[in-house]
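See below for the structure under consideration.
The values are calculated or read from the model by the stated rules, or taken from the named source; none is laboratory data. Note that the structure is predicted; figures quoted are calculated from it, not measured. Using ideal geometry, Cβ is built from the backbone for each residue, glycine included, and neighbour counts are taken over all protein chains shown. SASA here: full protein model, heavy atoms, side chains in, ligands and nucleic acids out. Shrake-Rupley method; radii C 1.70, N 1.55, O 1.52, S 1.80 Å.
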Amino acid sequence: MEEGPYKCVRDGNGTVNRVIRMGTRKSQLARIQTDYVAEKLKTLYPDVHLEIVAMSTIGDKILDTALSKIGEKSLFTKELENALERNEVDLVVHSLKDLPTTLPNGFTIGAVLQRESPHDAVVLHPKNSGLTLDTLPDGSVIGTSSLRRAAQLKKRFPHLEFKDIRGNLNTRLKKLDEKEDYAAIILAAAGLKRMGWEARVSQVLGPEDCMYAVGQGALAVEVRARDCDILEMVSTLHHSETVLRCIAERAFLRRLEGGCSVPVAVNTEVKDSVLSLTGAVYSLDGADSLKEAMETSVDPGNKLVSAADIQHVGVTAHNVPQCAQVAAEKLGVDLADLLLSKGAMEILTTARKLNDAR
């Protein structure tokens, strides 16, 4: 049965329950991630009926062009947000790194779940088993769709060549294994783990080799900001440390006006109530870069968790102290401003122009 904009069902006892419709991309990884969130919600709210609605996005459909060349900030989110706006779904599960730092009006990130490893991983062609990026032969071709990865790794491993590779995880692994085009590909370690493919990871790249993308490894649940009941329900999934790290990262990126078309990388950590953020910008070839680090206290002291409906770079987290969220956002902005004062915008502008001209 239907009631208003919400879908409802009647259970065996005749009780009418609302169905929560969860939007997701159609890829296997997206479905695994959405099922994971659904299981979490089902455990917390056993009486809620969940329905998964899968759809394709622009990024899923355009597979013959580098992500950085398409010029669309919401490659993997736009169709999902359109469905949210039309009340066809009640919430959407994303990889947080796919979500722009500025969301459309009326939307908010209602949950940021505990982060998996945010680092990048090397997956070798079977013939190169036992090697590392350091020991691969000169001229070996490494596949990656990320300007951020390529810029850092070109500088760190000058004997290697880097080439675009597109497609979902399954497609990219198939391209690696069945052809001789790539000696290895670089993928997010979190995605490989969620797919159950950890055995394919030959090497995890630490921040000294390759800092990660803003939000990488974290899952986000996007909702309509006006849906207080849905917002309240999903907010129980927030992981405080991940929320603070990702607010700082997203604030850093937003201040730099970065995105897929420019190489921006971060590394964050929370230890003893101190949030540290390292951020960097790179030229496309990695030869020119700026990198700085800052830290701030995120100790809430005796301040209570605020229920104020305040967003920080698109995140609404009622159950995380507002003072800590404010400090995290300020950290990201301050670090970006430091890099900008040292010439970051010139590096990013040149990188953007060169990428557009490729």
Helix 169-178 axis, angle to the chain major axis (alpha carbon atoms, nearest 10°): 30 degrees
Which of the three applies to the stretch 141-190, rounded, prolate or oblate, going by the alpha-carbon gyration tensor with a ≥ b ≥ c and a/c under 1.5 meaning rounded? oblate
Tell me the accessible surface of Glu85 in square angstrom (1.4 angstrom probe, heavy atoms of protein chains only), to the nearest ten. 120 Å²
Proximal charge balance of Thr108 [Cβ under 10 Å; K/R count +1, D/E count -1]: -1
What order do you get for 43-49, 295-301, 324-330 when each peptide is scored by the mean count of other beta carbon atoms within 10 Å, highest first? 324-330, 295-301, 43-49
Beta carbons within 10 angstrom, averaged per residue: use that to sort the peptides 238-248, 138-148, highest first. 238-248, 138-148
For the chain, which whole-number percentage of the solvent-accessible area (1.4 Å probe, protein heavy atoms only) is attributable to carbon and sulfur atoms? 49 percent
Please compute P(r) over all alpha-carbon pairs of the stretch 77-224, binned at 10 Å starting from zero, and give each bin as a whole-number percent. 11, 37, 29, 16, 6, 0
I need the shape label for the stretch 151-297. Rule: rounded when a/c is under 1.5, else prolate if a/b > b/c, else oblate, with a, b, c from the alpha carbon gyration tensor. oblate
Highest GNM mean-square fluctuation among Phe157, Phe252, Phe107, for the chain with Cα springs under 10 Å, belongs to Phe157
Kirkwood-based shape ratio for the chain, expressed as Rg/Rh from alpha carbons: 0.98
By how many degrees, 0 to 90 and rounded to 10, does the Cα axis of helix 28-44 deviate from the longest principal axis of the chain? 40 degrees
Give me the one-decimal nm value for the distance between modelled label points at Lys26 and Glu180, 7 Å along each residue's Cα-to-Cβ direction. 3.4 nm
Cα-only radius of gyration and Dmax that characterise the stretch 127-212, units Å: 12.1, 32
Can you tally the net charge around Ser240? Count Lys and Arg as +1, Asp and Glu as -1, for every other residue whose Cβ sits under 13 Å from the Cβ of Ser240. 0
State the answer as a single residue: which of Leu91, Ile32, Thr236 lies farthest towards the positive end of the charge dipole of the chain, with beta carbon charges of +1 for Lys and Arg and -1 for Asp and Glu, about the Cα centre. Ile32
Quick one: among Ser27, Ser276, Ser129, which has the greatest mean-square fluctuation in a GNM of the chain with alpha-carbon springs under 10 angstrom? Ser129
The value for the stretch 226-358 (convex hull of the alpha-carbon atoms, volume per residue, Å³) is 117 Å³
With every protein chain kept in place and a 1.4 Å probe, the stretch 213-358 has an accessible area per residue in Å² of 41 Å²
Helix 240-256 versus the longest principal axis of the chain: what is the Cα-based angle in degrees, 0 to 90, to the nearest 10? 60 degrees
